[in-house]
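The values are calculated or read from the model by the stated rules, or taken from the named source; none is laboratory data. Everything numeric in this text was worked out from a predicted model, so none of it was measured. Don't worry about glycine lacking a Cβ; one is built from the backbone with ideal geometry, like all the others, and counts go over all protein chains shown.
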Amino acid sequence: MTEMVYGAAPVVRGDPMIPRWWRTVDRWSLISIIILMGIGLLLGLAASPPLAERNGLEPFWYVKKQLIFGAMGLAAMLAASVLPVTSIRRFGVMGFAICLAALLLLPVFGTNFGKGAIRWYSLGFGSVQPSEFMKPCFAILSAWLMAAAHQIDGPPGRFMSFCVAVLIVGILAMQPDFGQASLIVFAWGVMYFVAGAPWWILFGVAGLVIAGGVAAYELSSHFAGRIDGFLATTVDPTSQIGYASNAIREGGVFGVGLGGGEVKSTLPDAHTDFIIAVAAEEYGLILVLIIIALYATVVMRSLGRLLAERDPFVRIAGTGLACGLGMQAAINMGVAVRLLPTKGMTLPFVSYGGSSVIAAGLTVGALLALTRKRPQGRMADVLARADRG
């Protein structure tokens, strides 16, 4: 009866790993991500040649690199999706320690690539952005701490996770990288809510976020400039937002056709932060709605599976990973249509970038591993543990 209600797939001892993985993994989410990767390559074919020409490279140089990044991201996703829950937790905690050290060393060894914020390590053949990998690792570490608070005589895990969130947000704000910092705050807030936080604490954290935003506006010219540009009554037509907004209007419902768009030739970040503007101009609202539906499929199916999950760590970590992925996509598209201030945030699996695609692959891989169907145990045992608590 338990298996009928909670959808647990029977596991046969000695069952081969790949068939067992295929039966238990969320195939709709997996297919949605692969389609998003394909759309990213399709848009790269349109957006990358003008950039390659400006940089003196062969027309499809960036497309070839994105194909390599996509293969690495897909491999990372598949590898993570077969791991057991204990390994996801272990690798997440270790990854958090590595990412924290990398973030702390950025002011010494990092570079800004002329973009005003020190966010990357230059490796010569490429670059790495530690904050991209910090997001999934932070979600897993925070879930581990919050889940530990549910145990009898457990540590104050929720408070410890709050301290970790404050530390990471402070480090990111100093780069400055307010976009990634906002994602960390959002993911922590959602996980804290799922872990059973009182409403008054969540309202208190919201007040701290507002106060922090006001302080950032007063102290950071970088942050203030973006807020002022967002609140301005008119948009400079030669700015990135101006070009993106015009491209979206020109695209209409069906777009101007493959290769007919102009935004890719005027926007320096058309292949990364504003890739959705290329999609809207050349393929119209239809493709944009398809992209939104694919992200919604991954998020909603993951949350639906987590509703039946009894393990607090799995439930909390999965919620943080799913909502963080969905919010990043929403922020990227919201910036393009001027619903949000510019953030410098990629569209997962669609935008060009090695760190973005590989980190997104690890995020979804961990999410697929956590949402795989598994035996949940008897409900009587769960209720007995709750009574003892």
Spot the failing condition for residue 75; the list is (1) closer than 20 Å to residue 361 by Cα; (2) touching a Leu at 6+ places or on another chain (Cβ under 8 Å); (3) among the aliphatic types (A, V, I, L, M); (4) touching a residue at least 24 places away in the same chain (Cβ under 8 Å), and only one is missed.
-> (2)
Determine whether segment 108-122 contains at least one residue that is modelled with pLDDT of 95 or more and more than 19 Å from residue 309 (Cβ to Cβ).
-> no
Answer yes if at least one residue in segment 219-233 is of a type in the set (Phe, Trp, Tyr), in a loop (DSSP other than H, G, I, E, B) and touching a residue at least 60 places away in the same chain (Cβ under 8 Å), and no otherwise.
-> no
Residue pairs qualifying under the 8 Å Cβ cut-off, at least six apart or on distinct chains, with the first in segment 81-94 being surrounded by fewer than 16 Cβ atoms within 10 Å (Cβ to Cβ) and the second being of a type outside the set (Ser, Thr, Tyr) and at pLDDT 95 or above, are 84/369; 93/137; 93/140; 93/141; 93/144
Does residue 192 satisfy the criteria of being within 23 Å of residue 353 (Cβ to Cβ) and assigned to a helix (DSSP H, G or I)?
-> no
Tally the residues that are farther than 24 Å from residue 363 by Cα and among the basic types (Lys, Arg), restricting the search to segment 98-132.
-> 1
Expected single match for within 24 Å of residue 247 (Cα to Cα), at pLDDT 90 or above and β-branched (Val, Ile, Thr) among 337, 350 is 350
Can you spot a residue in segment 60-70 that is of a type in the set (D, E, K, R) and modelled with pLDDT of 95 or more?
-> no
Identity of the residue in segment 126-156, among the hydrophobic types (A, V, I, L, M, F, W, C) and not in a helix (DSSP H, G or I), that ends up modelled with the highest pLDDT | 128
Search result, residues across segment 229-272 that are among the charged types (D, E, K, R) and surrounded by 12 or more Cβ atoms within 10 Å (Cβ to Cβ) = 250, 262, 264, 269
Checked pairs for segment 315-326, first under 17 Å from residue 26 (Cα atoms), second surrounded by fewer than 24 Cβ atoms within 10 Å (Cβ to Cβ) and among the charged types (D, E, K, R), C-beta under 8 Å and 6 or more apart or across chains, list as 315/309; 317/89; 318/305; 318/309
Does segment 94-103 contain any residue that is part of a helix (DSSP H, G or I), over 20 Å from the mean Cα position of the chain (by Cα), at pLDDT 95 or above and within 21 Å of residue 140 (Cβ to Cβ)?
-> yes
Kindly indicate the residue of segment 215-228 that is surrounded by fewer than 16 Cβ atoms within 10 Å (Cβ to Cβ) and aliphatic (A, V, I, L, M) and also modelled with the highest pLDDT among those meeting that condition.
-> 215
